[in-house]
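> Dropping the structure in here first, questions after.
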Amino acid sequence: MSSILHRGVSRTGWLLVFYGVISILFGISALLWPGSTVIALAWAFGVMALAEGIISLFALFNRHVAVSRGWLVLYALASIVFGLLAIWHPLAVVNVLILFLAAWLIVAGIYRIVFAIRVRKEIEGEWMIALSGVLAVVLGVLFAAYPAAGLLTVAIWIGAAALVYGVLQVIAGVRMHRWKRAL
């Protein structure tokens with residue numbers, strides 16, 4: 001194996017372990033403190049949106065902008081307003097976002113049910129599509145009825161996913177490091 005590839009694998013292995021540990025720590029904190037996680041995520045989205053808006057404002061002074069200046073101004077202002085709202089009132093922003101998620105789940109669930117009914121004669125197992133639609137509608141209704149519980153549920157799922165991702169990253173990094181030593 002070439003020495004460049006050998007060094008790259010060595011660095012990549014430790015980098016995967018580092019990212020994995022960070023992800024595991026985030027996952028554990030999201031599982032232990034889901035309310036704080038939701039607020040932190042809203043705040044992080046707010047900071048990103050604010051930065052996008054400010055950068056877009058600076059792009060107005062560039063002569064070679066790919067979109068019209070009107071759209072750029074609209075995008076910049078929307079980003080800045082959303083960013084400031086998410087930073088100043090993160091709980092209000094996540095409550096609105098969970099209601100959007102609830103509406104999407106209800107619409108998507110109804111679509112799946114209708115789709116399953118329409119294709120029932122052409123495919124087997126259409127009941128699984130219909131069941132996924134029913135579950136999406138139920139989840140959407142629950143999120144709309146109990147947005148705080150919905151937010152905590154989403155945070156817990158994010159935490160669980162981050163935890164699994166982190167463990168897989170650590171395993172992959174350790175294996176890469178062992179593979180490098182075996183050479």
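> Using only helices, what value at 222 nm comes out for the chain when you add -39,500 (n - 2.57) per DSSP H run of length 4 or more and divide by the total residues, to the nearest 500 deg cm²/dmol?
-31500 deg cm²/dmol
> Residues in segment 15-41 near a label at Ile171, defined as backbone nitrogen under 15 Å from the 7 Å Cα→Cβ point?
Only 17, 20-21, 24 fall inside the zone, counting backbone N under 15 Å.
> Then there is this: Mind sorting Leu139, Leu77 by how few other Cβ atoms lie within 10 Å of their own Cβ, fewest first?
Fewest to most other Cβ atoms nearby, the residues stand as Leu77, Leu139.
> Let me ask another. Which residues in segment 98-136 place their backbone N less than 18 Å from a point set 7 Å from the Cα of Trp157 along the Cα-to-Cβ direction?
So the set is 98-113, 129-136.
> Return a whole-number percent for the relative contact order of the chain, with Cα pairs under 8 Å and 6 or more residues apart as the contact set. Kindly include the intermediate steps, with their values, before the conclusion.
Details: 226 pairs, mean separation 73.4, N = 183.
Contact order relative to length: 40 percent.
> Can you tell me the alpha carbon radius of gyration of the chain divided by the globular rule-of-thumb value 2.2 N^0.38 Å?
1.42
> Taking the Cβ-Cβ separation of Leu84 and Phe61 as r and a Förster radius of 30 Å, what is the calculated FRET efficiency to the nearest 0.05?
0.85
> If you don't mind, there's one more thing I want to ask. Between Val164 and Glu122, what length in nm is gained on full extension when 0.36 nm per residue of separation is reduced by their alpha carbon distance?
Extra length available between Val164 and Glu122 comes to 11.3 nm.
FYI, it's all coordinate maths here, none of it is from the lab. Given the structure is predicted, the values throughout are model-derived calculations rather than measurements. When we count neighbours, we look across all protein chains shown, and the Cβ atoms used for this are built from the backbone with ideal geometry, even at glycine.
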